[in-house]
Amino acid sequence: MRRLFRLLILLGLMLVPVATWAQAAPSAGPQRTERIEAELVAMSRWAAPGSTAVVAIRQNIEPGWHTYWRNPGDSGGPTTLVWTLPQGVSAGDIVWPLPDRQRLQQLVNYGYEGVVYLPVPIEVPADARPGTVLPLLVKAQFLVCSAEMCVPDDLTLTLDLPVREGAAPLDPAHGAAIARVLEQAPRPAGITAHVSLENGVLTLTATGGPLAGRDPGPSYFFPFESGVIDHAAAQTGSWGPQGLTLALAAGGKMNTNGLSGPIGGVLVTENGAWEIRAEPGAALPGATGSGDVTTRPEHTAPVATEPAGWSAFAKAALFALLGGLILNLMPCVFPILAMKAAALTASAHNPRHAGRDGLAFLAGVLTTFLILAGVLLGLRAAGEAVGWGFQLQSPPVIAGLALLMLAVALNLSGVFHVGGGLQAAGSGPLARLPGGVGAFFTGALAVVVAAPCTAPFMAFALGAALVMPWPMALVVFLMLGLGLALPFVLVSLSPALLAKLPRPGAWMERLKGLLAFPMYGTALWLGWVFSRQAGADALGLLFAAGLLLALGLWLVGTGQTERGLGRRGVVHLTAGAVVLVLAGAGVFMAAQAPDSPATGVPTRAEGSGPPSAPWSQAAIDTALAEGRPVLVNFTADWCVTCKINEQTSLTSPEVAREMERTNAVYLVADWTRRDDAITAELQRRGRSGVPLYLLYLPGQAEPRVLPQLLTAGVIVDALKDARP
Amino acid sequence: MTRLITVALAALTLAACQQQAAAPQKAETPAPTPVAAAAPGAMPMAGQMAPAFTLVDAEGVQRSLADFRGKVVVLEWTNEGCPYVKKHYTGAMQALQREAAEDGVVWLSIISSSPGTQGYVEGDSARAWKTRTNAGSTHLLLDPTGQVGKLFGAKTTPDMRIIDAEGRLVYVGGIDDKPTPRVEDLQGATNFVRAALDDVQSERPVRTAFATPYGCAIKYPETVGT
């Protein structure tokens, strides 16, 4: 009690400076009126010089009120931003998330309710000095309306964006939400669209890209300008193998002035929302005949505006628990658990021991999961673009795991024993350490060994966990651990179940021997993964390390047997230790191999985009001379925008297909480390930093600069021009 | 026993998969009936005859559009609580109204706000409107049922119509090309109503016959409660 009291006082003391600090910054942070709270927030914790940082206007709109999209619809007005920025810093346009349709009797507005992020790219000059802050100031002009009235609310928002070198991690408060809005915001996707006007009806046909070959479901077209369509009218049509056709009631501008130019807007279907630009022209073929398209219901949940809510959290936690349970059946984990269960049968007659072992096992599992989760979250906070399965992207970890699997398999085969050797020579398998310690480490081992199995099965829960605030994420990880440990703990805590377990005997040894084989299999699989990442030479080293490991463990095992027979066995043990050290050195070298100069080999994990070569002017000239288009990606590992672009567009199958069709060359200029040639090229293009995407077409002197927020469609469209 | 656990876990796996598959659908299902077809009828555009109407003015006198045949008539939907209207009533709108009056144009300001909503006026409040707003309108017409507003397809305040001496619509839409509620944006804006009136006075065809109206939604009777 007294200790608790002291702890509380200590906590209180720690909070004091925080509170004073918070008061000292009056203008930053959220500003509010009765109707809306707004705040300027950053996606990343800091901005690297020469990069594009993303900030966002976060609106928290009171219930009953709304703000507007770029085209407000029948009434209202869009949110506008007036920036005051330091020298050299510039702000781009708002990346508008998909709006809601808000019906006010016969009027329809396009806008937002609740919590909305409006992301804005901010260009940070390359000469921004690390250690300084960029004071950003924006006058955000909101028109906030309810059914009864409209109020212009102007709020001045500020944000001090720190400048630092290196990978900027996502801002813990808003980073994940902004990144999601950015990823989901409608962007061009290689859709071709035509529009024609007849008798007050605009016929919009859109084909290709993501529209081809799918039933679009209920759809809707949001024009960028008002007056183009009657916002309140239903939009119906049909779809075909290539895309869809929508009949739109023309708006006042169309009816008065006619159709004089292209119509831009956002097309929403069941499968996604994309930016399109409809050129005046006859209906495109393949956009009717397969079925009807109905108007998308109003008030479809605003995409991407909801931060990680409690329901998502609960769902992720539940899936984590289920996933943990399923893990018990995985080939990597099952043998260990089976072994442990077998050990349990030995103590089955003593429920107290069994219960203690069960809880120790649980503790082991949970502790290990916490450590693993901590490492993951820590890496993420440090700016590594990691997802779950990150451990599998790293060749050293794969190599280590492969050897661990081999060791476990050898243990199961009876080549050597762990731990028990000293006290109960020979008789103790892995789990026979004194007290609960053995059970604890079995739990830990189960988790470590389970790691390779988790990635595919836990994707949902862990994916969700990674975008949550860290305490929630930790809970999700713990649920996973709980699920993994649950069956075993339940059995060990229930005397009735314990009594049903078969008596220990020779069958246990045979079972263990059999269970060794899934482990050998896992080791081989990991070896294969490793070879894909690090190449054949490194695999050779890994094999050598494996051989040495087996030899070493065999020597150790022999030593243990010697001791079990009452001899000293020092020679064996020493030799074993030496060989094991050699094995360690081998795996270390194998893991280092991928960092050796042989980086021309595509070392990236499979599916990470078109094969690339390093950027150089010579490479561009060569390709152009051969008549091939060249796509250059100026990127850096610490550039979050670059990574988002690479994940969402550069690696998409559409882009790969189009690159193949046009025989394009993909060059990567990696600016992760200082590179003066790249810096010079960036400056030549009037850029202070990455990302920068250049598309060189044969026969054209100057490359085309693609937008900084890329989509598959943008690249595909640009490449199409290169088609013969 | 083991078999039982296996079966249970397999069932859980299945359940997990199904739940995952069902999740995206769930977001879509609460589909409210799509778009009640409350289309306000085709909005009369420039070139068409203006629909006839009769409304009571602030003084309680009945005014029909037909009363003003032979004169150019401006219709202006207004709502004094609306920030967009306030922007124009900082002097610009009143000046335009007086210019028009000097040219013999009839200016009818119309309030289509339903009772109890923003902008609604009656009785003394209606009679005092012109003084209160310093308006130069010919009459203030009250349209609490919203019928005349809907007849003309008026959507926002302000929303403007110009009807020529023959009763034909020559201008439909927004008042200018700066759709903001900010007074400073009056500066440099093109006022389409002034331009159209000039065209009409000079017996030229109206160059800009439509501009997208902008502003606050008109508070029609059924509007409340969204």
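The values are calculated or read from the model by the stated rules, or taken from the named source; none is laboratory data. Source: prediction; values computed, not measured. Because the Cβ atoms are built from the backbone with ideal geometry, glycine has one as well, and the counts that use them run over all protein chains shown.
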Identify all residues within the stretch A:206-259 that are touching a residue at least 40 places away in the same chain (Cβ under 8 Å), under 21 Å from B:Asp176 (Cβ atoms) and touching a Pro at 6+ places or on another chain (Cβ under 9 Å); write none if there are none.
A:Ser226, A:His231
If a residue has to be within 14 Å of chain B (Cβ to nearest Cβ), under 18 Å from A:Arg70 (Cβ atoms) and touching a helix residue (DSSP H, G or I) at 6+ places or on another chain (Cβ under 8 Å) to count, how many in the stretch A:100-152 make the cut?
4
Restricting the stretch B:167-179 to residues that are surrounded by fewer than 20 Cβ atoms within 10 Å (Cβ to Cβ) and in contact (Cβ under 8 Å) with a residue 60 or more places away in the chain, the residue that is farthest from the other protein chains (Cβ to nearest Cβ)
B:Gly167
Restricting to the stretch A:661-691, count the residues that are out of contact with any Pro (no Cβ under 8 Å at 6 or more places or on another chain) and at pLDDT 85 or above.
1
Identify, please: which residue in the stretch A:66-121 is of a type in the set (A, V, I, L, M, F, W, C) and not in a strand (DSSP E or B) and is, among those, surrounded by the fewest Cβ atoms within 10 Å (Cβ to Cβ)?
A:Leu85
Identify all residues within the stretch B:131-166 that are among the aromatic types (Phe, Trp, Tyr) and either part of a helix (DSSP H, G or I) or away from chain A (no Cβ under 12 Å) (or both); write none if there are none.
none
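Per-residue answers, yes or no, for (1) at pLDDT below 75; (2) within 17 Å of A:Gly400 (Cα to Cα); (3) not in a helix (DSSP H, G or I):
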{"site": "A:Phe440", "(1), (2), (3)": "no, no, no"}
{"site": "A:Val449", "(1), (2), (3)": "yes, yes, no"}
{"site": "A:Cys453", "(1), (2), (3)": "yes, yes, no"}
{"site": "A:Ala465", "(1), (2), (3)": "yes, no, no"}
{"site": "A:Val475", "(1), (2), (3)": "no, no, no"}
{"site": "A:Pro502", "(1), (2), (3)": "yes, no, yes"}
{"site": "A:Tyr520", "(1), (2), (3)": "no, yes, no"}
{"site": "A:Gly527", "(1), (2), (3)": "no, yes, no"}
{"site": "A:Gln533", "(1), (2), (3)": "yes, yes, no"}
List the residue pairs whose Cβ atoms are under 9 Å apart, where the first residue sits in the stretch B:101-119 and is without any contact (Cβ under 8 Å) to a residue 60 or more places away in the chain and assigned to a loop (DSSP other than H, G, I, E, B), the second is buried (at least 20 other Cβ atoms within 10 Å of the Cβ) and hydrophobic (A, V, I, L, M, F, W, C), and the two are 6 or more positions apart or on different chains.
B:Gly104/B:Val72
Run down B:Thr117, B:Thr131 and say which single residue is polar (S, T, N, Q) and touching a helix residue (DSSP H, G or I) at 6+ places or on another chain (Cβ under 8 Å).
B:Thr117
Would you mind finding the one in A:Ala317, A:Ala312 that is crowded, with 18+ Cβ neighbours inside 10 Å, modelled with pLDDT under 85, on the phi < 0 side of the Ramachandran plot and in a helix (DSSP H, G or I)?
A:Ala317
Considering every residue within the stretch A:626-644, establish whether at least one is at pLDDT 75 or above and in a helix (DSSP H, G or I).
no
From (1) free of Cβ contacts under 8 Å to residues at least 60 places away in the same chain; (2) crowded, with 20+ Cβ neighbours inside 10 Å, pick out the condition that doesn't hold for A:Thr651.
(2)
Can you tell me which residue within the stretch A:208-222, out of those that are within 14 Å of chain B (Cβ to nearest Cβ) and surrounded by fewer than 23 Cβ atoms within 10 Å (Cβ to Cβ), is nearest to A:Thr192 (Cα to Cα)?
A:Asp215
Could you list all residues from the stretch B:196-226 that are surrounded by 16 or more Cβ atoms within 10 Å (Cβ to Cβ), assigned to a helix (DSSP H, G or I) and more than 7 Å from chain A (Cβ to nearest Cβ)?
B:Ala196, B:Leu197, B:Asp199, B:Val200, B:Pro221
Scope the stretch A:91-108; condition at pLDDT 90 or above and more than 18 Å from A:Pro186 (Cα to Cα); matching residues
A:Ala91
Give the residue that is nearest to A:Ser75 (Cα to Cα), with candidates limited to residues of the stretch A:150-196 that are in the same structural domain as A:Leu118 (by TED's automatic domain parsing) and of a type in the set (Ser, Thr, Tyr).
A:Thr156
Sort out which residues of the stretch A:235-266 are assigned to a loop (DSSP other than H, G, I, E, B) and not small (Gly, Ala, Ser), and write them in order of number.
A:Gln235, A:Pro241, A:Gln242, A:Leu259, A:Pro262
So A:Ala623, is it of a type in the set (A, V, I, L, M), surrounded by fewer than 17 Cβ atoms within 10 Å (Cβ to Cβ) and at pLDDT 65 or above:
no
